[in-house]
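Taking it in order: structure first as C-alpha cells, then the write-up.
Readers should treat all values here as calculations from the given coordinates under stated rules, not as data from a laboratory. These numbers come from a predicted model, not from an experiment. Cβ atoms come from the backbone with ideal geometry, glycine included; neighbour counts cover every protein chain shown.
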Amino acid sequence: MGSRSSHAAVIPDADSIRRETGFSQASLLRLHHRFRALDRNKKGYLSRMDLQQIGALAVNPLGDRIIESFFPDGSQQVDFPGFVRVLAHFRPVEDEDTETQDPKKPEPLNSRRNKLHYAFQLYDLDRDGKISRHEMLQVLRLMVGVQVTEEQLENIADRTVQEADEDGDGAVSFVEFTKSLEKMDVEQKMSIRILK
Amino acid sequence: MALQMFVTLSPWNCLLLLVALECSEASSDLNESANSTAQYAPNAWFAAASSEPDERISVFELDYDYVQIPYEVTLWILLASLAKIGFHLYRRLPGLMPESCLLILVGALVGGIIFGTDHKSPPVMDSSIYFLYLLPPIVLEGGYFMPTRPFFENIGSILWWAVLGALINALGIGLSLYFICQVKAFGLGDVNLLQNLLFGSLISAVDPVAVLAVFEEARVNEQLYMMIFGEALLNDGITVVLYNMLIAFTKMHKFEDIEPVDILAGCARFVIVGLGGVLFGVVFGFISAFITRFTQNISAIEPLIVFMFSYLSYLAAETLYLSGILAITACAVTMKKYVEENVSQTSYTTIKYFMKMLSSVSETLIFIFMGVSTVGKNHEWNWAFVCFTLAFCQIWRAISVFALFYISNQFRTFPFSIKDQCIIFYSGVRGAGSFSLAFLLPLSLFPRKKMFVTATLVVIYFTVFIQGITIGPLVRYLDVKKTNKKESINEELHIRLMDHLKAGIEDVCGHWSHYQVRDKFKKFDHRYLRKILIRKNLPKSSIVSLYKKLEMKQAIEMVETGILSSTAFSIPHQAQRIQGIKRLSPEDVESIRDILTSNMYQVRQRTLSYNKYNLKPQTSEKQAKEILIRRQNTLRESMRKGHSLPWGKPAGTKNVRYLSFPYGNPQSAGRDTKAAEFSDDDSSDPGSPSIMFSALSRIGSLQKQEAQEIIPMKSLHRGRKAFNSGYQRNTSQEEYLGGVRSVALRPKPLFHAVDEEGESGGESEGKASLVEVQSRWTADRGHGRDHNRSHSPLLQKK
C-alpha cells in the first residue's frame with residue numbers, strides 16, 4: 001500500500017482539473033485520496049460496485065440515482081476527473097466566482113444553473129430534457145414512505161407537474177424547473193462546506 | 001393530559017413517602033423507648049420472644065431502621081423515574097427544558113418532604129460514597145458513549161478548550177472572588193485565597209451535555225457537538241484534580257508555608273495526575289478487550305468484565321492519587337471499539353442499557369441529595385458572595401470561550417463562528433458535579449462551608465433553569481431559519497430531494513481528517529491490535545439472515561398493504577393516465593402538503609445524537625429498512641424484465657470479476673470487505689449497514705449472470721461446512737423465499753439462482769468480522785437471532 005500521502009505529481013492532469021472544477025489544491029488532494037480509498041482493487045477508476053460499497057448511500061432514498069449520476073452516458077467506469085467533475089457541482093459558491101465571471105469562459109461547475117441542472121438530471125432519467133409526470137412519480141415513490149397510497153402519489157405528482165408546467169405540455173422542462181425554484185437558496189442547499 | 005398524570009403520580013408517591021416516614025418515626029420512637037432490645041437482633045420479634053417474658057408476642061411489628069437506607073434510596077429513585085416518565089409523556093417538554101431541571105425539582109420535592117416531616121437521619125452523601133460509588137458510573141457513561149472518530153479528529157481543539165478553559169475559569173473566578181472578599185463591607189474577610197481558589201475550581205465544573213437534548217433538532221454541526229461533549233468529558237476530571245490539589249494545599253495549615261516550589265510541584269503534579277490517569281485507563285482498556293476475546297462460551301459475564309475493569313481502572317488510579325476520572329474515561333474509550341466487536345449482541349445491548357441506568361441512578365441520587373440540602377436549615381446567605389459568584393461565572397466563561405476560540409480558530413481548517421461560540425458560552429450549565437464537590441468540602445478547613453454550598457446551589461439553580469430553558473429558543477433564533485411562508489409543493493419536494501442529495505454526496509466524499517495520523521493508527525491497529533484483541537472466528541452473526549429476516553417481515557407487510565405488487569414498478573409509459581388537467585382545490589393542496597411532510601423520508605443526520613438520559617429510539621431504522629427493501633425489489637424487478645437497472649444497462653452483463661467473490665477464499669473476501677471498511681468511517685456511525693448493502697449488491701450483481709452459472713454455485717453449496725448460522729441462513733432464506741413467492745411469480749431457474757446466490761453471497765458475508773460493528777442498527781436484533789435459533793428444527797428437511 002505504501003505511503004498514503006498524495007502528492008500533486010500523482011494526480012494526472014491536476015492543473016486542467018483544477019481549472020475546470022475550481023477546487024483548491026488541498027481539496028483536490030483530499031478528493032484523490034478518497035478516490036483511491038474507494039477504488040478497492042486499485043483499478044484506477046471507480047465502478048458502480050465501488051460506490052455501492054458506501055454503506056450510507058444504501059439507506060439514502062436517492063442512493064442509486066446519485067451513483068448513476070457519476071456514470072454519464074452509460075459508461076461503466078468513472079475516472080478521477082469524472083469523479084471530481086460531479087463533486088465540483090457541490091463546491092460552495094464564493095463571491096469571487098461571480099465577480100470574475102469571464103463571459104468567454106464556460107460557466108463554472110458550481111454555478112447555480114449547473115447545480116440545478118445536476119438536480120434536474122436526477123429526475124430526468126431518460127435525458128429527454130423534460131421531467132415527465134411518470135418520472136416525477138418515480139422520484140416521489142423513492143422519497144416517500146410506504147404508507148402513502150399509489151393514488152395519493154399520483155395526485156401529488158400531478159400537482160407538482162401542474163404547478164411548474166407553464167407551456168402545458170404535461171412535463172417540466174429545465175427552464176420551468178429553474179423558474180419554480182427561483183426563490184430557493186439553491187447555492188446554499190447544494191453546497192458542501194468541506195469542498196472548498 | 002400527561003401533566004395531570006404526572007401530577008397525580010407524585011402525590012401518590014408523596015403519600016407513600018409520608019407513610020414511610022411516619023412509620024419510621026413511630027418505630028424510632030419505639031426503639032428509643034425499648035432500649036434494651038437494641039442489643040438484640042434488630043427484629044423485634046426475636047426480642048419479644050427471647051428475654052422479655054412480660055411482653056406479648058406482637059402479631060404485627062414494624063422495623064423501619066433495618067431497611068431505612070435502602071428503602072428510602074429506592075423510593076427516591078422510583079420517584080425520579082416516575083417523574084421522568086411523566087416528563088417524557090408530554091412530548092414538548094423535553095425540547096423545552098433539560099432533564100436536569102426535572103431531577104432538581106424532584107430532589108427539592110423530596111427534600112421538602114423530609115424537611116417537612118422532620119425526618120431524622122436521612123441517608124446522607126459523604127465523600128467516600130460520592131467518589132467511590134456515585135461518580136464512576138456517570139463518568140463511565142460519558143466516556144463510553146462518546147463518538148471516537150470526531151473526538152480524535154478534533155482532539156487538539158478539545159484539549160485546548162477543555163483544559164485551558166477549566167483552568168482559566170477556576171483561577172479567574174477564584175481570584176476575582178478573593179478580591180471581592182477583601183472588600184471589608186461584605187463581611188467575607190476570613191475567606192482566604194486558597195479557599196476562594198478551591199471554590200472557583202468547583203464552581204467551574206460544567207455539565208453542558210445536559211442541555212444537548214434541548215437543541216438537538218437545530219442541526220448543530222459536528223464540531224460544535226464534539227466541543228461540548230469533549231468539554232463535558234474532560235471537565236469533571238480536571239476540576240476534581242484541581243480540587244484535590246487545592247485541598248492538599250489547604251491542608252498545609254499556614255498560608256505562608258506555600259513557596260513557589262510548592263506551586264511548581266503542584267503544576268507538575270497536575271500534569272502527572274492527568275496523564276497517569278489516562279495511561280492507567282488505556283492499559284486497563286486493553287486488558288479488558290483482550291479478555292473479552294475469550295468469553296464466547298460464557299457471554300453472560302461479558303458485561304461484568306466491562307464494568308469491573310472500568311471500575312478497577314478507576315480505583316487503581318485513585319490508589320496512586322492519579323485521576324480516576326480520566327482513567328475510567330480512557331478505559332471506556334479504548335475498550336469500546338474492541339469490546340463491541342467481541343461481545344455477543346445481547347451483551348452489547350446489556351452493557352449499553354446498564355451503563356445508562358447506572359449513570360442515571362447516580363445522577364438522580366446526587367440531585368436528590370442536592371434537593372435535600374436545599375430545603376434545610378444549613379444555609380448561609382451572603383448577598384455579595386452569591387451575586388458576585390453568579391456574575392463572575394458568566395463573565396469568566398465568556399472570557400474563556402471567546403479568547404480561547406479566537407486563538408484556536410487561527411489553526412483550524414473550519415473555524416468556529418461567533419454563533420457557535422455563543423452556543424458554547426451559553427451551554428455552561430452547572431450540574432451535579434459542582435454540588436457534590438461543594439458538599440464534600442471538609443468543614444474543618446472551611447468554616448464558611450455553608451456559604452459556599454449556598455452559593456453553589458444558587459448558581460446551579462440559576463444556570464439549569466434559566467439557561468437551560470432559554471438555550472433552546474436562543475439556538476433556534478441563532479439558526480435564523482427562513483420565514484415560515486408556505487412553500488409550494490414543488491419546492492418542498494425539491495428541497496427534500498436536495499437535502500438527500502447533499503447527504504448522499506457528503507457520504508461519497510467521506511470524512512476528511514488529518515489523514516496521516518489516522519491512517520498510521522489504523523494500520524497499527526489493523527496489523528497488531530486487532531489480531532491480539534479481537535476474537536478469531538467470530539460467531540457468525542448471520543448478518544445476512546438478519547437482513548433477510550427484516551426483509552421478510554417487511555415484504556409481508558408491504559404485500560399486505562398492497563404496495564409491493566409487481567405493477568408498482570411499472571414499465572415506463574404503461575401506467576400513464578391520460579387525463580385532463582385537474583384543478584385541485586386548496587384543501588387538496590393542503591392535504592397533499594400534509595401527506596408530504598409526514599411521509600417523506602428524513603434526511604440522514606450526519607451529526608451525532610446523544611442524549612444523556614436515554615438511548616436513541618432508532619426510529620430511522622424503519623425508514624432505512626424500507627429503502628433497502630425497495631432497492632432490493634427494484635433490482636430484482638428490473639432483473640426479471642431483462643434489463644439490470646431501471647436506467648437501461650444492457651441485459652446479461654457478465655461481470656466476471658464478481659464471480660470470484662463466492663468462490664474465492666471466503667476469509668479473504670471477508671478481509672477485503674474489512675479492509676474496505678476502513679476507508680469509511682467505521683466506528684462511530686452506527687447508522688451505516690454497509691455490509692448489508694454489500695450483500696445486496698452482490699446478490700444483485702450475481703443475479704445478472706446467466707442461468708448456467710448456477711451449477712458451479714451449487715457445488716459450493718454442497719461443499720459448505722455446516723455451522724450454526726449457516727443453518728440459520730438456510731432457514732430464513734426459505735422463509736424469505738416464501739415471502740417472495742407470494743410477491744412475484746418467477747421463472748423457475750431464476751428461483752434457484754436467487755436461492756443459491758443468496759446463500760453463497762450470505763456465506764461470504766458471514767465471514768466478514770466487522771459486521772458486528774456495522775450492523776447494530778436494529779434494536780430487535782437480539783430478537784431476530786433468537787427467532788432464528790428457534791427455527792433450526794425446521795431446517796432438517798433441507
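Brief remarks follow.
- Remark: mean inter-chain Cβ contacts per residue of A:143-155 equal 6, using a 10 Å Cβ-Cβ cutoff to other protein chain atoms.
- A simple packing score, the average count of other Cβ atoms within 10 Å per residue, orders the peptides B:125-134, B:302-311 as B:302-311, B:125-134, with the highest score first.
- From largest to smallest, the equivalent ellipsoid semi-axes obtained for region B:171-323 from the alpha-carbon gyration tensor read 38, 24, 12 Å.
- Residue-averaged beta-carbon neighbours from other chains (10 angstrom radius) around B:407-415: 1
- When you filter the chymotrypsin sites (Phe, Trp or Tyr not before Pro) in region B:335-395 for DSSP loop state and at most 15 other Cβ atoms inside 10 Å of their Cβ, you are left with B:W381.
- Compared with the alpha-carbon gap, the fully stretched path from B:C422 to B:K622 is longer by 68.4 nm at 0.36 nm per residue.
- Modelled spin labels at B:V283 and B:R412, positioned 7 Å past Cα toward Cβ, are 3.5 nm from each other.
- Judged by the mean number of other Cβ atoms found within 10 Å, the most tightly packed of the peptides B:289-299, B:189-199 leads the ranking B:189-199, B:289-299.
- Here the Kirkwood formula puts the hydrodynamic radius of region A:110-195 at 13.7 Å, using every distinct Cα pair.
- Each of A:S191, B:S427 was scored by other Cβ atoms within 10 Å of its Cβ. Listed from fewest to most, they are A:S191, B:S427.
- Working from label points 7 Å from Cα in the Cα-to-Cβ sense, the B:L132 to A:K183 distance is 6.7 nm.
- Three semi-axes of the equivalent ellipsoid, region B:497-537, Cα gyration tensor, whole Å, largest first: 32, 15, 5
- Ratio Rg/Rh, restricted to chain A and using Cα atoms, in which Rh is the Kirkwood radius: 1.00
- Gyration tensor (alpha-carbon) shape descriptor, region B:127-478, a/c threshold 1.5: prolate
- Contour excess over end-to-end distance, with Cα ends at B:T346 and B:H526 and 0.36 nm allotted per residue: 62.2 nm
- Cα gyration tensor, region B:355-487 - rounded (a/c under 1.5), prolate or oblate: prolate
- Look at the stretch A:159-172: the mean tally of other chain Cβ atoms within 10 Å of its residues' Cβ atoms is 3.
- Under 5 Å from the amide H of A:I131 lie the amide H atoms of A:V172, A:S173, each residue being 5 or more positions distant or on a separate chain, with H modelled from the backbone and absent for Pro and chain starts.
- For region B:127-478: relative contact order, % (alpha-carbon pairs under 8 angstrom, 6 or more apart): 27
- Cα gyration tensor shape for region B:249-342, rounded if a/c is under 1.5, else prolate or oblate: prolate
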